[in-house]
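See below for the structure under consideration.
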Amino acid sequence: MQSLQHKAAELLGSNRASVVIGYAEGSDGRVRPHFARTNDDAKALVWDQRCKQNLAVYLTKHEIKEMGPAAIIASPAVVRTIVQMASEQQFVRSFPITLVVDNDQVTELNDGPSLEAFATSHPVLFPSHVTKEVEDLAAMSVADRFAFWQEEFSRCFKCYACRSACPLCYCTKCITESNQPQWVTVAPHALGNFEWHLNRAMHLAGRCIQCGSCTLACPAGIPIALLTIEASNIVQREFGYQPGIKADAPAALSSFRVEDKEAFIR
Amino acid sequence: MTSTTYTLTHDNLNALLRALVAAGKQLHAPQRVGPKVFFKPVNDAATIVFDYVQTAESPKSLLFPKAEFLVSYRQNSEGMVVTDHLQKEIPEMILFGSRPCDAAALSRFVQFFADGHADAMVTQRRRALTIISMSCIASDPACFCTSCGSSPGDTTGSDLLLTPISNGRYLVDVVTEKGQSLVAANEALFEQAPTIVKDSYLATVEAVFTPEEITKRLATSFNDPIWKNASLRCIGCGACAYVCPTCSCFTIEDEGNDRTGDRLRCWDSCAFALFTVHTTGHNPRPTQTERWRQRVMHKFSYLPETNHFLGCVGCGRCSRACPADMNLKEQIIAIAELLPAIG
Ligand code: SF4
Ligand code: SF4
Ligand code: SF4
Ligand code: SF4
């Protein structure tokens, strides 16, 4: 923790970063996002097992961007997010200063190759219950799987916390907000909820870096990440593409190769 | 109204709930879904849970469904059939296990929708609803009801209020006529109460601010720099508004085409960027700073001014639900400390 706080203070002191995005103690044993801009702020930074929310979501937030160059304390999932965002041209001038912490050792990852190397050497690690849930769902019959999601979506009231917590849902205008034409039914009834979640899952297929922040954010306790995790698993299986690993990889579902074996492309 | 009290054993409470279900009443009560507790329709009284501090979602959807059909039209061979859902009969509903803060919130909610032009849907639904609340014998750090005009044993808004006392029994406060008739219809289950002092059984929730003081400080805070820092970590979702028992914003949605369609009323939230965006593209609340300010101001400044009640009952749901840990109680305490008291 100390070396992290020192590093943050050093980055702020040398003006290499105007803000260090990290976590601080929150309410009742929780941690919360923290934006260190001064030496004192840096002293509040913490880093431990509780730091699960994907902080990369703040890299595209207007109020944070206008502060100037940012450094971010990154879990492997955040590193994958940054690589994925880079492949989607989200960092025009430079990468954020990405700080990874290992055994109280802080390392800066500042370019594509170092971020990619870190992402590759830190594969996605799900808690065992998530792996099991993904497998169980995949093994279900279509009817059972439909019933499962019907029950879960019955509690969805479209607060969009899943979307807001997702660093890859950075669109300034989401598909749900388009009304000319309207793609997704706005009301949070059974049909509207299915349309919304299937649309979002499709948008994140091959882009979801599998951090699980959407599930963590959902106030209705819906394990919504299972959808996008499985969608990304399918893309990996079918197209050999894993998001968050190569900063210059063309997007799996919106690029094509002329030598594609499918005829529809020609 | 009378201030009659009774006692009720846990077995008789279960018998009462079973009798209500058997009588065809729509009973909504706390039930567990994973680690969280939600108000859900009950078919079997055995699924009701009692050991929770607060439900994840408020009971407001009974008065204000998340998606409510207003008008529908369907073209058939005879012509256009129009259904006005306002004319539909609302079934008798029982809400069981709401906390005193929830009942207080629903009474403010109903008042809000009755001020000026009364909202038919909300008032009819409240008429069809009987509220049996449960006093709090436990609280958690997110609770701050006593700072917002309610308390762990507050009877406001309930028809009956049960307080768990010793030996698996409940003290029953009969608050309204509706509550009285429910007791009368099931008289054999209730016993006349000896004088019991309820307070010693209730949770202690320390008051941390006075709403009048907050309202006063907020009156001159519109352009204060505090809002920007306070809202930095807010990610602009609707979680806080949607779990809140007093948030009442909605949007009207039209679905369909020239032959078949529906008009619905759906929940909306001031935290969304789209909430205030004009057709020109201009947004008077362009960032989360203005949106968070609106949330706090509406509850603690505008509503007290225009409707004479506080828009928050301190149930703590927004703080528990917030993915970014925007603890409202803490934020209001900070306002009391940071903003000057003028006037
Ligand atoms: S966070 Fe949960 S309740 Fe909110 S829109 Fe997403 S799935 Fe629905
Ligand atoms: S659901 Fe799709 S359109 Fe909406 S924010 Fe996410 S990626 Fe963008
Ligand atoms: S305060 Fe929390 S729950 Fe409310 S909009 Fe902001 S992030 Fe979402
Ligand atoms: S603002 Fe928060 S604490 Fe207040 S009533 Fe709403 S959910 Fe409860």
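Numbers at a glance
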read-out	value
Of residues in region B:264-284 being small (Gly, Ala, Ser) and not in a helix (DSSP H, G or I), the one farthest from the other protein chains (Cβ to nearest Cβ)	B:281
Residues (more than 8 Å from every other protein chain (Cβ to nearest Cβ) and touching a residue at least 24 places away in the same chain (Cβ under 8 Å)) located in region A:133-161	A:133, A:134, A:137, A:138, A:149, A:150, A:152, A:153, A:154, A:156
Matching residues in region B:172-225 - criterion: being more than 22 Å from residue B:316 (Cα to Cα), in a helix (DSSP H, G or I) and open to solvent by less than 40 Å² (accessible area, probe 1.4 Å)	B:179, B:182, B:183, B:189, B:198
Region B:59-78, subset open to solvent by 10 Å² or more (accessible area, probe 1.4 Å) and basic (Lys, Arg), residue farthest from residue B:131 (Cα to Cα)	B:74
Odd one out for residue A:122 among (1) in contact with a Pro (Cβ under 7 Å, 6 or more places away or on another chain); (2) within 14 Å of chain B (Cβ to nearest Cβ)	(2)
Any chance residue B:260 is within 14 Å of another protein chain (Cβ to nearest Cβ), under 18 Å from residue B:230 (Cβ atoms) and polar (S, T, N, Q)	no
Test: residue in region B:282-302 that is touching a residue at least 60 places away in the same chain (Cβ under 8 Å), under 16 Å from residue B:108 (Cα atoms) and within 16 Å of ligand 4 (Cβ to nearest atom)	yes
Region A:177-194, residues that are within 11 Å of ligand 2 (Cβ to nearest atom) and out of contact with any helix residue (DSSP H, G or I) (no Cβ under 6 Å at 6 or more places or on another chain)	A:178
Any chance residue B:166 is farther than 19 Å from residue B:26 by Cα, open to solvent by 20 Å² or more (accessible area, probe 1.4 Å) and either β-branched (Val, Ile, Thr) or within 18 Å of the chain's Cα centre (by Cα) (or both)	no
Residue selected from region A:195-226 under the condition more than 13 Å from ligand 2 (Cβ to nearest atom), open to solvent by less than 10 Å² (accessible area, probe 1.4 Å) and at the interface with chain B (Cβ under 9 Å from one of its Cβ atoms), by the criterion farthest from the chain's Cα centre (by Cα)	A:220
Residue check for residue A:246: more than 14 Å from chain B (Cβ to nearest Cβ) and of a type in the set (Lys, Arg)	yes
Test: residue B:229 is out of contact with any Asp or Glu (no Cβ under 6 Å at 6 or more places or on another chain), loosely packed, with under 15 Cβ neighbours inside 10 Å, within 13 Å of another protein chain (Cβ to nearest Cβ) and over 27 Å from residue A:195 (Cα atoms)	yes
All positions within region B:249-280 that are within 16 Å of ligand 3 (Cβ to nearest atom), among the small types (Gly, Ala, Ser) and open to solvent by less than 20 Å² (accessible area, probe 1.4 Å)	B:269, B:271
From the options A:161, A:74, A:165, A:138, residue that is more than 16 Å from ligand 3 (Cβ to nearest atom) and at pLDDT 95 or above	A:74
Filtered residues of region A:81-95 (kept if open to solvent by 10 Å² or more (accessible area, probe 1.4 Å) and touching a residue at least 60 places away in the same chain (Cβ under 8 Å))	A:86, A:87, A:88, A:90
Conditions (1) modelled with pLDDT of 95 or more; (2) over 17 Å from the mean Cα position of the chain (by Cα); number of the one not met by residue A:116	(2)
Of the criteria (1) part of a helix (DSSP H, G or I); (2) modelled with pLDDT of 95 or more, which one residue B:336 fails	(2)
Pick from region B:316-325, criterion open to solvent by less than 10 Å² (accessible area, probe 1.4 Å) and assigned to a loop (DSSP other than H, G, I, E, B), ranking: nearest to ligand 4 (Cβ to nearest atom)	B:316
Residues (crowded, with 17+ Cβ neighbours inside 10 Å and either in a strand (DSSP E or B) or in contact with a Gly (Cβ under 7 Å, 6 or more places away or on another chain) (or both)) located in region B:1-20	B:5, B:6, B:7, B:8
Residue B:83 vs. criteria modelled with pLDDT under 95 and of a type in the set (Ser, Thr, Tyr)	no
Where a residue in region B:96-120 is in contact (Cβ under 8 Å) with a residue 24 or more places away in the chain and its partner, wherever it lies, is assigned to a helix (DSSP H, G or I), with Cβ under 6 Å and at least six apart	B:98/B:59; B:101/B:145; B:102/B:59; B:110/B:126; B:113/B:122; B:120/B:86
Residue that is open to solvent by 10 Å² or more (accessible area, probe 1.4 Å), of a type in the set (Gly, Ala, Ser) and over 17 Å from the mean Cα position of the chain (by Cα), where the choices are A:70, A:77	A:70
Selection from region A:11-30 of residues that are surrounded by 14 or more Cβ atoms within 10 Å (Cβ to Cβ), free of Cβ contacts under 8 Å to residues at least 24 places away in the same chain and over 20 Å from residue A:162 (Cβ atoms)	A:24, A:25, A:26, A:27
Complete set of residues in region B:303-315 that are part of a loop (DSSP other than H, G, I, E, B) and either surrounded by 21 or more Cβ atoms within 10 Å (Cβ to Cβ) or within 15 Å of ligand 4 (Cβ to nearest atom) (or both)	B:307, B:309, B:310, B:311, B:312, B:313, B:314, B:315
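The values are calculated or read from the model by the stated rules, or taken from the named source; none is laboratory data. Note that this is a predicted model, so its numbers are computed, not measured. Cβ sites come from the backbone with ideal geometry, for glycine too, and all protein chains shown count toward neighbours. Note: accessible area is taken over every heavy atom of the protein model, side chains too, but ligands, DNA and RNA are not part of it. Shrake-Rupley method; radii C 1.70, N 1.55, O 1.52, S 1.80 Å.
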